[in-house]
Amino acid sequence: MLLRFIIALVIAGIALLLGVIIGGYGAWYFSWFLGTGFMILVAVSAGVLFEAQEEAARSSADTVSEMARVVSGAPARGTPH
């Protein structure tokens, strides 16, 4: 999988270099290539942030329910009645 990615990266680099040398559209292709990579990074980081926020919300909900259980005098989880 990594080898395929490296091969694709080399081919894309050669294509960009050829585009810059041959025509005036090289800058457009270069910005498209960089912009696509940047948008992928933004999407992945947004997904990671979403998962972290969901995990924090779940753990805080568990903490709040545990605190309510302690305040009400109910036995804690895992303790015999």
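What the table shows:
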{"quantity": "In degrees, nearest ten, helix 2-22 long axis to first principal axis of the chain (Cα)", "calculated": "40 degrees"}
{"quantity": "Distance in nm between pseudo-label sites at Phe30 and Ile14 (7 Å out along the Cβ direction from Cα)", "calculated": "2.0 nm"}
{"quantity": "Rounded to 10°, Cα long-axis angle of helix 26-72 versus longest principal axis of the chain", "calculated": "0 degrees"}
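Bear in mind that the values in this text are calculations on the coordinates, not laboratory data. Model, not experiment: these values are computed from the prediction. Glycine gets a Cβ as well: all are built from the backbone with ideal geometry, and neighbour counts include every protein chain shown.
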